[in-house]
Amino acid sequence: MKIIFALLLLPLFVTAQTNVGITQEAKEFLTMYNTLYQKLLAVSGNAQWQSSTDVSDEHTGQRIGADKAVAVFQGSTYVIEKCRSLLERKKVFDPKSVRELEVILLNAAQYPGTIPDIVSERVTAEANQSAVLDGFRFCDQKQGDSCLTLITPNQIEAVLSDSIDLAVRQHAWEVSKQTGPALKAGLIKLQGLRNKMAQEMGYKSFFALQVADYGMTVPEMMQLLDRTVEGVKPLYEQLHYWSKVKFAAKYRQPLPDKIPAHWIGNRWSQAWPGIVEGVDLDN
């Protein structure tokens, strides 16, 4: 009888031992991944900052090298296969470990090691795009194809922040858009590269991959955005009308149907400064 009882308990004992082994395996993998990833990311972040604040071929090259190191590790086939293998047995893990493994696999889809040439091309393209944007020289006055005078981003911002001359403001705003043609070809290339990477990992598009980071599908995200827009629309319409009144009074113009972009004190319209009093954070 004792032998039979022992035989009945044996599968449970083996399963428990197996679960402990799998849990330890996941713990060791996550410790290894997080340690290396944080160090690689720190080097990459420093290189990106240097290349953005002091644009040069040397710094762009250093950024490409650092970013490639992150991409190779983040999207390595070992990481992908390990995560998939562990997630097949996720019932034995705690929720935090499961979430970590899912995020690591999601991040791997950004730079899948199964298509290394595309990964390398994307990293290089992104660094070059940043160099074009951060090192762009804005032309204030042209004569034909020649630039007579340059203007800095800070000078453009100063005009949009302080000037009440609408002609001067519109010129500054239009100059600020000179980056568009310079970036367009590279953005089209990046769109293709990013979509290829996402599709390699089973996502329909790069947008679908980004949405997956929220634990949602594209239709779910679009429905959420539609509901959000509809929910804030009454308040937004009132604030928009009130802002039009303030801007029109500031520039002594008739009330417009839509707010002209160059009336706003920010070249991207990300913020609408100057229409209400606020704390001067510079001071």
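At a glance:
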item: Qualifying trypsin sites (Lys or Arg not before Pro) in region 106-171, DSSP loop, other Cβ atoms within 10 Å at most 11; result: Arg137
item: Student exercise, the chain dipole from Lys, Arg, Asp, Glu Cβ charges, in Debye to nearest 20; result: 740 debye
item: Spacing of the two label points (7 Å from each Cα toward its C-beta) at Leu41 and Tyr214, in nm; result: 2.1 nm
item: Estimated inter-spin distance, Val132 and Glu88, nm [label 7 Å along Cα→Cβ]; result: 4.3 nm
item: Chain lengthening between Glu102 and Val276 when straightened (0.36 nm per residue, less Cα-Cα); result: 58.2 nm
item: Dipole magnitude of region 220-266, debye to nearest 20 (Cβ charges: Lys/Arg +1, Asp/Glu -1, about Cα centre); result: 400 debye
item: Matching label, P(r) over Cα pairs in 10 Å bins from 0, in percent computed from the structure shown, candidates (i) 5, 17, 21, 23, 17, 8, 4, 2, 1, 0, 0; (ii) 7, 29, 33, 22, 9, 1, 0; (iii) 7, 29, 37, 20, 6, 2, 0; result: (i)
item: Candidates per trypsin sites (Lys or Arg not before Pro) in region 176-283, loop by DSSP, up to 15 other Cβ within 10 Å; result: Lys177, Lys204, Arg252, Lys258
item: Cut-off 18 Å, label 7 Å out along Cα→Cβ of Glu237, residues of region 252-267 by amide N; result: 256-259
item: Cβ-based net charge around Gln170, under 14 Å, with every Lys or Arg adding one and every Asp or Glu removing one; result: 0
item: Lys/Arg +1, Asp/Glu -1 at C-beta; region 232-283 dipole; positive extreme among Gln270, Leu255, Ser243; result: Leu255
item: Aspartates and glutamates whose Cα lies under 14 Å from that of Lys68, excluding same-chain neighbours fewer than 8 positions away; result: Asp117, Glu121, Glu126
item: Environment charge at Val43 (Cβ cut-off 15 Å; Lys +1, Arg +1, Asp -1, Glu -1); result: +2
item: Contour excess over end-to-end distance, with Cα ends at Thr152 and Lys177 and 0.36 nm allotted per residue; result: 7.7 nm
item: Distant-in-sequence amide H partners of Asp140 (H built 1.01 Å from N, under 5 Å); result: Thr149, Leu150, Ile151
item: Solvent exposure ordering (accessible area, 1.4 Å, most first) of Asp226, Asp94, Asp282; result: Asp282, Asp226, Asp94
item: P(r) tail fraction, region 112-241 - alpha-carbon pairs more than 22 Å apart, %; result: 62 percent
item: Candidate lysines - alpha carbon under 28 Å from Lys90, same-chain residues fewer than 8 apart omitted; result: Lys27, Lys39, Lys82, Lys204
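The values are calculated or read from the model by the stated rules, or taken from the named source; none is laboratory data. For clarity, every value in this text was computed on a predicted model and none was experimentally measured. Ideal geometry is used to build each Cβ from the backbone, glycine not excepted, and the neighbour counts take in all protein chains shown. The accessibility values were calculated without ligands, DNA or RNA, using every heavy atom of the protein model including side chains. Shrake-Rupley method; radii C 1.70, N 1.55, O 1.52, S 1.80 Å.
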